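Notes follow the structure.
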């Protein structure tokens, strides 16, 4: 899991880390929080330390670290209501982008469980589309398209696995119906190609 999230983080780091101001506070509380983060792990309780400080830059900084560490609930706790908590909150698009990515990471981590992956994928899709509509000029908008494409491909493959599962259990028509759904709703995916091939070969007159 750590490897998957680190790959994700490297894809994000140029946009996210460089475009968001790192807080320069040297208060004992901030120093203590940074010391814990430097040890390579996000303590799930770190939000209890960060939020009372009312430091928007620190909230984003810690949330980014927690995203890398897979502490998705902590990311959400740190950033949900971000703009409401701070007057003229800096970089609100960054906070909302990180929040949208939590469901994208859940989608990736659910690989192997088609039902859960589809649930996470739908939430991730809705979150990313909402982000683009809310922040059409955001610098992070360019990163959304490849993630939506990954969702399209991954969700199609999950649907395909479910269809083949139906067929293997003897529910051939139910499986074929699901394969038609894959071909219709995910036309750009490799799973759609596989679904069409199966339908053509197995259901040919």
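So if I check each of 120, 142, 176, 150, which one is touching a helix residue (DSSP H, G or I) at 6+ places or on another chain (Cβ under 9 Å) and farther than 30 Å from residue 91 by Cβ?
Values: 120 fails: farther than 30 Å from residue 91 by Cβ; 142 fails: farther than 30 Å from residue 91 by Cβ; 150 fails: farther than 30 Å from residue 91 by Cβ.
It is 176.
Do you know which residues across the stretch 64-77 are in a helix (DSSP H, G or I) and closer than 22 Å to residue 143 by Cα? Working first, answer last.
Step one: list which residues in the stretch 64-77 are in a helix (DSSP H, G or I), which gives 64-68, 72-77.
If the condition is that a residue be in a helix (DSSP H, G or I) and closer than 22 Å to residue 143 by Cα, then 64, 65, 66, 67, 68, 72, 75, 76 are the ones that fit.
Does residue 124 satisfy the criteria of being outside the structural domain of residue 183 (by TED's automatic domain parsing), within 30 Å of residue 178 (Cβ to Cβ) and either modelled with pLDDT under 95 or in a helix (DSSP H, G or I) (or both)? Criteria not met by residue 124.
Applying the condition of being in contact (Cβ under 8 Å) with a residue 12 or more places away in the chain and not in a helix (DSSP H, G or I) to the stretch 160-205 and asking which residue is farthest from residue 117 (Cα to Cα) yields 203. Does the stretch 44-51 contain any residue that is within 13 Å of the chain's Cα centre (by Cα), free of Cβ contacts under 8 Å to residues at least 40 places away in the same chain, part of a helix (DSSP H, G or I) and buried (at least 19 other Cβ atoms within 10 Å of the Cβ)? Looking through the stretch 44-51, none of the residues is within 13 Å of the chain's Cα centre (by Cα), free of Cβ contacts under 8 Å to residues at least 40 places away in the same chain, part of a helix (DSSP H, G or I) and buried (at least 19 other Cβ atoms within 10 Å of the Cβ).
In the set 72, 67, 58, only one residue is under 30 Å from residue 161 (Cα atoms), surrounded by 22 or more Cβ atoms within 10 Å (Cβ to Cβ) and not assigned by TED's automatic domain parsing to the domain that holds residue 155; that residue is 67.
What residue, among those in the stretch 105-135 that are surrounded by fewer than 23 Cβ atoms within 10 Å (Cβ to Cβ) and within 8 Å of the chain's Cα centre (by Cα), is nearest to residue 165 (Cα to Cα)? Going through the qualifying residues, I end up with 108.
The values are calculated or read from the model by the stated rules, or taken from the named source; none is laboratory data. Just so it is clear, the model here is predicted, and its values are computed rather than measured. So basically every Cβ, Gly included, is an ideal-geometry build from the backbone, and we count neighbours across all protein chains shown.
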